[in-house]
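Asker: Pasting a structure here, questions to come.
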Amino acid sequence: MHIPDGFLDPWMVLTTFLVVGGYTIISYRRMGRLSMDRVSLLSSFSAGIFVAQMLNWPLPGGTSLHLVGGGLAGILLGPYLGFFAMSLVIIIQCIVFHDGGITALGANILNMAILGVVTGYLAYKIAISILGKNNKGRFIGGFLAGWLGIVVAGLACGIEIGLSTYFGFNLDVTIPIMVSWHAILGVIEGLITAFIVEYIHTRNPGISYLEV
């Protein structure tokens with residue numbers, strides 16, 4: 001869902017950059033000191049997400065479709081460190097591989113690194129609070145985190161390009177396309193997230209941000 005240059009008008013560009021700037025300050029202040037384990041997890045996670053997001057499928061009336069990983073970032077790294085991990089991936093993709101525009105960098109970070117991560121974090125937190133920190137809770141929570149994270153990010157992308165005066169389609173086109181396609185892909189992302197969370201728990205219990 002990387003938005004390229006030319007899709008967003010100046011007001012949308014400014015608004016998204018301001019939101020990202022504010023969240024960056026909040027995340028930096030609340031993230032706290034990082035242990036070596038968290039730094040290692042950050043670097044390895046970012047590398048994995050970078051590879052996963054490089055697989056893109058174009059969408060009619062929208063931008064592109066690809067795995068995001070925001071839900072998994074929220075579970076493993078939390079809403080603040082997960083934001084920095086996802087932002088690093090998106091910035092490198094933009095500058096080095098021209099995947100997403102520079103003027104749309106704020107929107108792309110907002111959608112995938114903030115909304116996707118926070119949604120996944122909250123979905124997993126709520127799921128394990130209701131179902132418990134057991135296999136069932138982790139699996140359902142992981143699935144919901146992955147699915148909701150990518151759907152919310154797709155919805156935000158559809159709203160941004162639909163409201164932009166530079167884009168040729170309105171909300172009645174952009175939202176249904178972005179949400180429906182990402183809801184379908186979200187099933188795959190949800191399952192991948194759930195299996196990864198369960199696998200990591202069996203190998204290293206407590207590595208999740210929500211279970212330390």
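The values are calculated or read from the model by the stated rules, or taken from the named source; none is laboratory data. Small disclaimer: the values here were computed from a predicted structure and weren't measured. So basically every Cβ, Gly included, is an ideal-geometry build from the backbone, and we count neighbours across all protein chains shown.
Asker: Please report, ordered by residue number, the helices (runs of 4 or more DSSP H) entirely within the range 97-189 with at least 1 residues that are over 19 Å from Ala73 (Cβ atoms) and not hydroxyl-bearing (Ser, Thr, Tyr). I'd like the intermediate steps shown before the answer.
Answerer: Details: elements: 105-108, 116-131, 135-163.
Per the criteria, 116-131, 135-163.
Asker: Hey, another quick one. Looking at Leu131 and the list (1) over 13 Å from Ala194 (Cβ atoms); (2) at pLDDT below 95; (3) not basic (Lys, Arg), which single condition is not satisfied?
Answerer: Unmet condition: (1).
Asker: Could you say whether any residue in the range 145-168 is of a type in the set (Asp, Glu) and over 23 Å from Gly22 (Cα atoms)?
Answerer: no
Asker: If we keep just the residues of the range 161-205 that are within 19 Å of Phe139 (Cβ to Cβ) and among the charged types (D, E, K, R), which is surrounded by the fewest Cβ atoms within 10 Å (Cβ to Cβ)?
Answerer: Arg203
Asker: Still on this model: Can you say whether Phe139 is within 25 Å of Leu14 (Cβ to Cβ), aromatic (Phe, Trp, Tyr) and surrounded by fewer than 22 Cβ atoms within 10 Å (Cβ to Cβ), as far as the supplied structure shows? Before you say what the answer is, go through the steps one by one.
Answerer: Values: within 25 Å of Leu14 (Cβ to Cβ): no; aromatic (Phe, Trp, Tyr): yes; surrounded by fewer than 22 Cβ atoms within 10 Å (Cβ to Cβ): yes.
So Phe139 fails the test.
Asker: Which numbered condition trips up Leu41, out of (1) more than 14 Å from the chain's Cα centre (by Cα); (2) in a helix (DSSP H, G or I); (3) modelled with pLDDT under 90; (4) surrounded by fewer than 20 Cβ atoms within 10 Å (Cβ to Cβ)?
Answerer: All conditions pass for Leu41, except number (4).
Asker: Now for a separate question. Can you name the residue in the range 44-78 that is among the aliphatic types (A, V, I, L, M), surrounded by 14 or more Cβ atoms within 10 Å (Cβ to Cβ) and modelled with pLDDT under 80 and is also nearest to Phe167 (Cα to Cα) among such residues?
Answerer: Filtering first and then ranking leaves Leu59.
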